[in-house]
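Working notes for the structure below.
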Amino acid sequence: MTTEPVRATAVAPPKPAPWLGSVRAAAPGWVEAFEAAPREWFVPDLVWRKNPTGRGWLPVNRNMEPETWAELVATDDFVVTQVDDGHPTLPGGIGRAVTSSTSMPTMMAVMLHTLNLPTDLHRRNGPGLRVLEIGTGTGWNTALLAHRLGVGNVTSIEIDPQIADHARAALASTGYPVTVITGDGEQAPPASDHDHALYDRVISTAACHRVPYTWVQQCKPGGIIVTPWQTPYLGSALLQLTVTHSTTTDAMASGRFIEHASFMPLRAQRGGDWIPDPDTEPDAAESATALHPYEPVSDYDGCAFTVSLLVPDLEKSIAFPDPHDQHTYEVLLFEATSRSWATITVTPAALHTDIYLVRQHGQRRLWDEIEAAYTWWEHHGHPTYTQFGLTIGATGQRAWLDDPSQPLGPITPPDSRA
Ligand SMILES: C[S@@+](CC[C@H](N)C(=O)[O-])C[C@H]1O[C@@H](n2cnc3c(N)ncnc32)[C@H](O)[C@@H]1O
């Protein structure tokens, strides 16, 4: 049976979005859904825009600044809908970190396309293809899924109760009353809500670096999991996993990184809990390196992605003491559990000699590990991120190069080989 969504009369008729052409190119099967459920139906009145004069995010209230609000919502970009988990932390009510947003429309289209839904799939509310969405946010992506698959075939989980309430209300008032569970999407839902391997697709709109095993367990064999994958070290890539088998005791999924995609992380995978202050640690071990940090730290398509797979739990920040001097900076690398850090300093003099000062402190020698990962990357022919994939099983997550039969082993830092 096909059921048309019942639209509340208070909702304004949709205007064509300027980015619909890009959506059509990225995901032709989803254009009708984007046209039927416009973004502005789901975006709350309070959004946030980048502070043009300093750091952080400034509030934009739709009632007070309707044009700015409409401009933000019309862009093919993400729009921030919550900062600092709902409690702005910078002075003057300015937000520091983005904690919820409506994602970039073209990116959403790419992700939806990556779900590989059958092209002849028609909207229906009876049994059909079932999707679990993690990270409801505004509910817009949820509505797009519901439009294509039928309201009853979509379940969405949102960790933040206020955001979940907003999404539930927006979905109900626009004719897509999807079940929105308030909870942690990394956990399996309560037993009463949960049949084993219930879903044909799982899509997360928040990034992870440890793919939750519960997603694999909840997806049927042959089903597809789409998630942005991202470590605190690097921007993220879209990961598309296919569930190879799923029994009550054993489940497995495997697949490749396929696209660039930058998303906010799942709440429990944020990182940044500890940031060292190297200036207060005079006893750090000093050495010199001829490896400029650009490739292993910042070359996203190349070595830096490899480093993020080979050197676990790495985080980084880059500090420019003079914002007008792009040739003098310090790269800080750190890992919270072992309280280890390393710095590498780039100056015009160091660039001239191609020798850079390294300081390392703590149980792990992070720069040595990065150099070992760089050597590995060179020996393997400079693989790019789309050559890598992940396999998720009961024993954990394993990265591989080219094929699941070629798992990445542990690497040995140069000084431990000496
Ligand atoms: C990028 S936003 C979602 C965008 C959304 N799909 C939309 O169309 O508006 C990511 C959302 O994931 C939520 N989130 C973060 N960690 C979560 C978790 N462990 N379980 C469920 N939701 C989570 C955040 O609160 C945030 O609302």
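Quick notes on this one:
- Qualifying residue in region 41-63 (condition: in a helix (DSSP H, G or I), open to solvent by less than 60 Å² (accessible area, probe 1.4 Å), away from the ligand (no atom under 16 Å from the Cβ) and not acidic (Asp, Glu)): no
- Summed over region 165-184, residues that are in a loop (DSSP other than H, G, I, E, B) and more than 10 Å from the ligand (Cβ to nearest atom) total 5.
- The set of residues in region 164-185 that are in contact (Cβ under 8 Å) with a residue 40 or more places away in the chain and open to solvent by 20 Å² or more (accessible area, probe 1.4 Å) comprises His166, Ser173, Asp184.
- For region 200-307, no strands (runs of 3 or more DSSP E) sit wholly inside it while including 3 or more residues that are within 16 Å of the ligand (Cβ to nearest atom) and in the same structural domain as Leu351 (by TED's automatic domain parsing).
- Pairing residues of region 89-105 that are within 18 Å of Pro52 (Cα to Cα) with residues that are away from the ligand (no atom under 16 Å from the Cβ) and of a type outside the set (Lys, Arg), at Cβ distances under 6 Å and at least 6 apart in sequence or on separate chains, gives Leu90/Gly56; Ile94/Gly56; Gly95/Gly56; Arg96/Gly56; Arg96/Thr89; Arg96/Leu90.
- Sole residue being in the same structural domain as Phe263 (by TED's automatic domain parsing), within 30 Å of Phe305 (Cβ to Cβ), over 16 Å from the mean Cα position of the chain (by Cα) and within 10 Å of the ligand (Cβ to nearest atom), chosen from Gln162, Gln187: Gln187
- Residue in region 80-95 that is touching a helix residue (DSSP H, G or I) at 6+ places or on another chain (Cβ under 9 Å), open to solvent by less than 20 Å² (accessible area, probe 1.4 Å) and assigned to a loop (DSSP other than H, G, I, E, B) present: no
- The sole residue among Val297, Val346, Val311 that is touching a Phe, Trp or Tyr at 6+ places or on another chain (Cβ under 7 Å) and not hydroxyl-bearing (Ser, Thr, Tyr) is Val346.
- Checklist (1) within 30 Å of Pro312 (Cβ to Cβ); (2) more than 10 Å from the ligand (Cβ to nearest atom); (3) modelled with pLDDT under 95 applied to Gly128, failing item: (1)
- Cβ pairs under 6 Å, 6+ apart, first in region 336-353 and part of a loop (DSSP other than H, G, I, E, B), second of a type outside the set (A, V, I, L, M, F, W, C) and surrounded by fewer than 20 Cβ atoms within 10 Å (Cβ to Cβ): Ala336/Asp273; Ser338/Gly362; Ser338/Gln363; Arg339/Gly362; Thr347/Thr328
- Of the residues examined, Val216 is one that is closer than 30 Å to Asp273 by Cβ and open to solvent by less than 10 Å² (accessible area, probe 1.4 Å).
- Filtered residues of region 315-335 (kept if part of a loop (DSSP other than H, G, I, E, B) and at pLDDT 95 or above): none
The values are calculated or read from the model by the stated rules, or taken from the named source; none is laboratory data. It should be emphasised that the depicted structure is a prediction, and the values quoted were computed from it without experimental measurement. Note that we place each Cβ from the backbone using ideal geometry, even for glycine, and neighbour counts take in every protein chain shown. Keep in mind that these areas ignore ligands, DNA and RNA; they rest on the heavy atoms of the full protein, side chains included. Shrake-Rupley method; radii C 1.70, N 1.55, O 1.52, S 1.80 Å.
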